[in-house]
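Undergrad: My questions will all concern the structure given below.
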Ligand SMILES: *Cc1c(COP(=O)(O)O)cnc(C)c1O
């Protein structure tokens, strides 16, 4: 029985040829390809904001936080249900991630709970576009302005999405994407910050290159900086030409990937509706490009469903465990909904190479298993 993977890099001959082109040109580091990738992302997002590519989505979050001045002694509000990257990016600045509970309908940061977590040290809030949905973001900006906080959006799941008819990434003050191997598009590994704040953009451009001032301009002109100054902390976080070349080819495929991902998610939703003990989230599948298909399994059956899928050679995942239960980030308070979701969440296979036949197999396996559990 063929293995059905949960997620997968979908790359082909176009990406191979692009890599060969960079290798033949003999300039693998950060140069023209990265500049072109940034320009093409701007065009895709129809944005006048600055686009800055880096080597991971985590680096994008870290640099964004550093650029707004988050550091030791500060606190940043984050939803507990997210990839640990969100928490570690805050840690990397020396600040403390403060876990907030999430909403039950869309696993979005719960602002009522966030309000309880405010302190004099709170500097920023980092909402996560869980499952590619960012409904509720307007309220986050209102909350932030009420309490004088900066907003950094973790949009690792939502490249290519719309919200209320507007492309995510077009207008935001500071938003971070990920292009790791399994995200909506990939550059091998990679990420980008898109920002309307020119001061933040300048700081990030320097900080991705060890803080070497204006090194970005030099590299895009095919030159190096020999005499330079460094005035702020920096990291080795830039993107390479090799990565950008893959990303540029993937960007051409985003509409195709988006169609397939949407169609798969919508079919799951229709076909699994009415299966006992399953609950679905309230995502707007006509606007988002779903990076994952998470759902809730009630009745304590989640782990049994994982096992049943596994028996049929079907991978599944958990997006995510609550971060406030991890040793490094353990809180002395509860996040009730996050803890409940931690035991109920399952994600089922979703990537552009899942065939109709594969999807039928997944649906059938889930329906059979759940009916069995219900009657047991
Ligand atoms: C993937 C991901 C990241 C980090 O991106 P990388 O490119 O893997 O470093 C951050 N936040 C969330 C929610 C993610 O899913």
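A short reminder: the numbers here are calculations on the coordinates, not readings from a lab. Since the model is a prediction, treat every value here as computed from it, not as a measurement. Don't worry about glycine lacking a Cβ; one is built from the backbone with ideal geometry, like all the others, and counts go over all protein chains shown.
Undergrad: Against the longest alpha carbon principal axis of the chain, how many degrees, from 0 to 90 and to the nearest 10, is the axis of helix 254-272 turned?
TA: Once rounded, one gets 20 degrees.
Undergrad: With the contact rule set at Cα under 8 Å and sequence spacing of 6 or more, what percent relative contact order holds for the chain?
TA: 23
Undergrad: Once you place label points 7 Å from the Cα toward the Cβ at residue 307 and residue 139, how far apart are they in nm?
TA: Between residue 307 and residue 139, the simple spin-label model gives 3.8 nm.
Undergrad: I need the calculated FRET efficiency for the pair residue 8 and residue 115, taking r as the beta carbon distance and R₀ as 35 Å, to the nearest 0.05.
TA: Here the calculated transfer efficiency is 0.30.
Undergrad: While we're looking at this one, here's another question. When you take every Cα atom in the stretch 43-199, what is the radius of gyration, and what is Dmax, the widest Cα pair distance, in Å?
TA: 14.2, 40
Undergrad: Using only Cα atoms and rounding to the nearest 10 degrees, what angle (0 to 90) does helix 241-252 make with the longest principal axis of the chain?
TA: Roughly 50 degrees between the two axes.
Undergrad: Send over the Kirkwood Rh of the chain, from the inverse of the averaged 1/r over different Cα pairs, rounded to one decimal Å.
TA: With all distinct Cα pairs of the chain included, I get 21.4 Å.
Undergrad: Bin by bin, in steps of 10 Å, what percent of the Cα pairs in the stretch 23-132 do you find, going until the bin that has the longest distance?
TA: With a bin width of 10 Å, the distribution comes to 14, 34, 30, 17, 5, 1.
Undergrad: In addition: Treat the count of other C-beta atoms within 10 Å as a stand-in for reagent exposure and order 134, 240 from fewest to most.
TA: With the fewest neighbours first, 134, 240 line up as 240, 134.
Undergrad: Still on this structure, please answer the following. So, in nm, how far is label residue 166 from label residue 25 when the simple model puts each one 7 Å beyond its Cα toward the Cβ?
TA: About 3.4 nm separates the two model spin labels.
Undergrad: Another question, if that's okay. For the stretch 1-79, divide the Cα radius of gyration by the Kirkwood radius and give the resulting Rg/Rh value with two decimals.
TA: We get a ratio of 1.09 for the stretch 1-79.
Undergrad: Give the order of 333, 285 when sorted by the count of other beta carbons within 10 angstrom, beginning with the fewest.
TA: Ranking 333, 285 by Cβ neighbours within 10 Å, fewest first, gives 333, 285.
Undergrad: Something else: In whole angstrom, how far apart do the alpha carbon centroids of the stretch 349-371 and the stretch 270-288 sit?
TA: With the stretch 349-371 and the stretch 270-288 each reduced to a Cα centre, they are spaced 14 Å.
Undergrad: What is the distance in Å between the Cα centres of the stretch 4-80 and the stretch 307-337?
TA: Result: 27 Å between the Cα centres.
Undergrad: If you don't mind, another one. If you wrap a convex hull around the alpha carbons of the stretch 192-291, what volume per residue comes out, as a whole number of Å³?
TA: With only Cα atoms used, the stretch 192-291 gives 166 Å³ per residue.
Undergrad: Cα axis of helix 13-25 to longest principal axis of the chain: angle in degrees, 0 to 90, nearest 10?
TA: With rounding to tens, the tilt is 20 degrees.
Undergrad: Using r as the Cβ-Cβ distance of residue 210 and residue 263, and R0 as 51 Å, what FRET efficiency do you calculate, to the nearest 0.05?
TA: E between residue 210 and residue 263, to the nearest 0.05, is 0.70.
Undergrad: Given 5 Å bins starting at zero, what is the percent of C-alpha pairs of the stretch 280-376 in each, up to the one with the largest pair distance?
TA: P(r) over the stretch 280-376, rounded to whole percents: 2, 11, 19, 21, 19, 14, 8, 4, 1, 0.
Undergrad: With r as the distance between the Cβ atoms of residue 147 and residue 225 and R0 = 25 Å, compute the FRET efficiency 1/(1 + (r/R0)^6) and round to 0.05.
TA: 0.05
Undergrad: Can you compute the modelled spin-label distance between residue 233 and residue 88, with each label point 7 Å from Cα toward Cβ, in nm?
TA: Placing both labels 7 Å beyond Cα along the Cβ direction yields 1.7 nm.
Undergrad: Treat the count of other C-beta atoms within 10 Å as a stand-in for reagent exposure and order 53, 365 from fewest to most.
TA: Listed from fewest to most nearby Cβ atoms, that is 365, 53.
Undergrad: Could you work out the per residue convex hull volume over the alpha carbons of the stretch 163-244, in cubic angstrom?
TA: In the stretch 163-244, the Cα convex hull volume per residue is 109 Å³.
Undergrad: Can you tell which of 228, 44, 87 shows the greatest fluctuation in a Gaussian network model of the chain with Cα springs below 10 Å?
TA: Highest fluctuation among the options: 228.
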